[in-house]
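Just so you know, all these numbers are worked out from the coordinates, no wet-lab data involved. Computed from a predicted model, the values in this text were never measured in an experiment. Neighbour counts are summed over all protein chains in view; Cβ atoms, including those assigned to glycine, are modelled from backbone coordinates with ideal geometry.
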Amino acid sequence: MNAWLELGITLVVILVVVLVSALVTIYVELKAGSHMQARIGPYYAGGRWGWAQPLADGAKFLQKEDLAPAKADGPVYRLAPYVVMMSAIGMFAVIPAGPDLVGVDLDLGVYFVLAISALATLGVLMAGWSSANKYSLIGGLRAAAQLIAYEIPLILAVVAVVIQAETMSLNGIVEAQMATLFTLGGMDIALPFILTGQIVGFGIFLVAAVAELSRIPFDMPIAESELTMGYLTEYSGIRFTMFFLGEYASIVGFSAVAATLFLGGYGAPFLPESLANIAGPFVLLAKVAVLVFVIIWIRFTWPRLREDQLQSLAWRWLIPIALVNVGVVATFKVVF
Amino acid sequence: MPALMESVAIADWFREAANWVFLLIALPTVFGAWRTVSSNNIVRAVLYLVVALAGTAAMFLILGAAFIGLTVVLVYIGAVIILFLIGIMITRAPLGVEAKLSHGREARLSAALLSFILFAVIMWAVADAFGMSKIQPFEPTATADIANLLFDRFLIPFEVVSLVLLAALIGGIVLARRDDIGRDEPGGEG
């Protein structure tokens, strides 16, 4: 196939996946959150179950005026949502949904995901500073301090997986989890990493990912009660929508990465290899759905952490535990 | 130089797609680097530095050194630049576009001189190492090779570099920490 055509198709598929999954996640959060709080949530839009509520919200945002404060640094202010959005979409480019169903099969897949997700911090800081608003600036600073702190346990949790799988390719990590571990009664048993020594790493990754997403209980950067909306305060219209969609796309993105690293990705037990490309996306989708639900569940269950509690959780608990985890995994790898 | 001019005519140079990619990356990189030092606004200067670093990362990618390229993104753009920005914002950057930097005459001259010397040294090193020979097509560098070099042949330098970071960390704590908490002086040295 023509390389440009292939590239075009890949880009369109990734964009559609990102947008649709973000809209679905928004809907699930509206509905699941409502039911967790014993209320009904969106009800009328779309005729039934309020299924069109995210679309209606989107249309509402799009027809609002795209304002920039008079004293804002125009170009930086306008560029910031693109940086955040790019970082969210970029993650999807390397996540495999099947042995051949991957945007780009990079040898350094995990590393790419970590690098591109780190760029979101830059967008947040750009938004915070360029808005020329004290709430925005404080929100941006809090976000940066938090994202940097939680990036370290996130990376260390990934390092342990990379050591166990002996590769940084996401496809390779999935294959390592599909490799036969032992044979039981004539059946080849393969287990995902979460069951073969990475349960601590999975916990660290999930906590750090929720913090990277700046979601409750780690939403100090946009704490409404004290900072109005933090770095998002001045944004409206389409640019706010981009931040919003980027946030929900990142939830799906981090869930997909976690599913790939710890839960076996597109692989499922007893799934014949010939079906991997057809059934793979659905297997991955099921795992992602569970993780997205857990992240939403966390949001409606825990209260917000205080800034010092948040920092001490990262530096005094997660990072030491993650370091010990890396040491233990490496030791097992060398000894056995 | 004459030999080079004959072998690579300008028209031929532009016929290669790879050279266009090179230009597409190199020109924004140079522009970003230039605006980093000429920009009047310190936060914008840092953001132009991001452009320059992103160009550098892309350059590593087209040279087949994907690991180094991604490391530039992760470490420099993802961490060092963020720390720059935090430092600037916490201390003195006025909000919005008002910040102005002073470009003194002495500072400009010494910076230009230093840049020129650095440029000359790099040019000399490159010319000395490669001369007129054309670089042969090469395989992308495997990350495993880098790891084997780092953790085998260059293990001790690698570990010593981390000691530098440790020293910087301790220095930072010593500078920032004030033991006279009992005296209760709001504002401190500010």
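In table form, for the structure just shown:
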read-out: Over the protein assembly as shown: helical MRE at 222 nm, DSSP H runs n ≥ 4 each giving -39500 (n - 2.57), nearest 500; value: -21500 deg cm²/dmol
read-out: Contour minus Cα-Cα distance for B:Phe151 and B:Leu27 (0.36 nm per residue); value: 41.0 nm
read-out: Alpha-carbon gyration tensor eigenvalues x 5, square-rooted, for the protein assembly as shown, Å; value: 37, 33, 27
read-out: Shielding by partners, peptide A:146-157 (average Cβ within 10 angstrom, other chains); value: 1
read-out: Average beta-carbon neighbours from other chains, 10 Å sphere, peptide A:109-117; value: 4
read-out: J(HN,Hα) series, segment A:19-29, from Karplus relation 6.51 cos²θ - 1.76 cosθ + 1.60, nearest Hz, glycine and proline x; value: 5, 5, 5, 5, 5, 5, 4, 4, 4, 4, 5
read-out: Net dipole in debye of the protein assembly as shown [+1 Lys, Arg Cβ; -1 Asp, Glu Cβ; about Cα centre; nearest 20]; value: 1240 debye
read-out: Backbone N within segment B:137-179 under 20 Å of label point (7 Å from B:Leu63 Cα along the Cβ vector); value: B:137-151, B:154, B:158
read-out: Average other protein chain Cβ within 10 Å of Cβ, residues B:60-66; value: 1
read-out: Label-point separation, B:Arg108 to A:Ala286 (7 Å along Cα→Cβ), nm; value: 6.8 nm
read-out: Exposure proxy order (Cβ contacts within 10 Å, fewest to most) of A:Asp66, A:Asp219, A:Asp73; value: A:Asp66, A:Asp219, A:Asp73
read-out: Distance between modelled label sites at B:Ala129 and A:Glu166, nm, 7 Å Cα→Cβ extension; value: 3.3 nm
read-out: Degrees separating the helix A:74-92 axis from the principal Cα axis of chain A, which is the longest one; value: 20 degrees
read-out: Contact order relative to length of chain A, as percent, for alpha carbon pairs under 8 angstrom and 6 or more apart; value: 24 percent
read-out: Cα lying deepest toward the dipole's positive end in segment A:67-335, options A:Ala72, A:Thr331, A:Phe282, charges on Cβ; value: A:Ala72
read-out: Residue exposure sequence - A:Trp4, B:Trp34 - by fewest surrounding Cβ within 10 Å; value: A:Trp4, B:Trp34
read-out: Likely footprinting exposure, A:Phe332, B:Phe130, B:Phe67, fewest C-beta neighbours within 10 Å first; value: B:Phe130, A:Phe332, B:Phe67
